[in-house]
Every structure is written in C-alpha cells, then in structure tokens.
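Rule-based calculations on the coordinates, nothing more; no lab input. Here the structure is a predicted model, which is why all the values come from computation and not from measurement. Methodologically, a virtual Cβ is constructed for each residue, glycine included, from the backbone with ideal geometry; neighbour enumeration extends over all protein chains shown.
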Amino acid sequence: MRGSSCPGPVPEAKKVLEGMAPGELLKLVSNCPGARADVEDWARLTGYRLEDVVETGAHEWEFYIRRP
C-alpha cells in the first residue's frame, strides 16, 4: 500500500484478510503518515490481531495482522 493515502490501507487490508484463512498473517506495508494510528485503531476495534509493527523508515511501517 505504499503511495496510498489514508485511510486507503485499512479497507484494502480488510479485503485481503477476508479472503485469508483464520490464523493466517498479513504483512501490510504503508508509508501514509497516518497509517500507524489508523491501522492500530482499526485492528483494536475489529478484533484483528496486530501482531507487530515495524518502522522501516520515516513514516513507513510494516504491519503484521493476523486474521482471527
């Protein structure tokens, strides 16, 4: 999702996760400045497990999200 403005990464992640089997892990990469807060809030509110967040650069993150 590099180059996608917020809140774009969240709905795209949701689409991908819905097609995954329970327990599978999604790696979402985003460089949207607001992505960290958006993804963390969305995961907490929806029950997806945010396993890890790695900052790979200035305003660039890798989010590891597990489908429950």
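Model label sites at Glu24 and Arg49, defined 7 Å from Cα along the beta-carbon direction, differ in position by 1.7 nm.
Where Lys and Arg each count +1 and Asp and Glu each count -1, what net charge lies around Gly23 among other residues with Cβ under 13 Å from its Cβ?
Numbers: positive: Arg49, Arg66, Arg67; negative: Glu24, Glu51.
Its environment carries a net charge of +1.
Basic side chains Lys and Arg get +1 at the Cβ, acidic Asp and Glu get -1 at the Cβ, and with that the dipole of the chain about its Cα centre reaches some 180 debye. With only the Cα atoms considered, the chain has a convex hull volume of 66 Å³ per residue.
For Leu26, the residues whose modelled amide H falls within less than 5 Å of its own, excluding neighbours fewer than 5 places apart on the same chain, are Ile65, Arg66, Arg67.
Note down the net charge around Pro68, summing +1 for each Lys or Arg and -1 for each Asp or Glu among other residues with Cβ under 11 Å from its Cβ. Numbers along the way, then the final one.
Details: positive: Arg49, Arg66, Arg67; negative: Glu24.
Here the count lands on +2.
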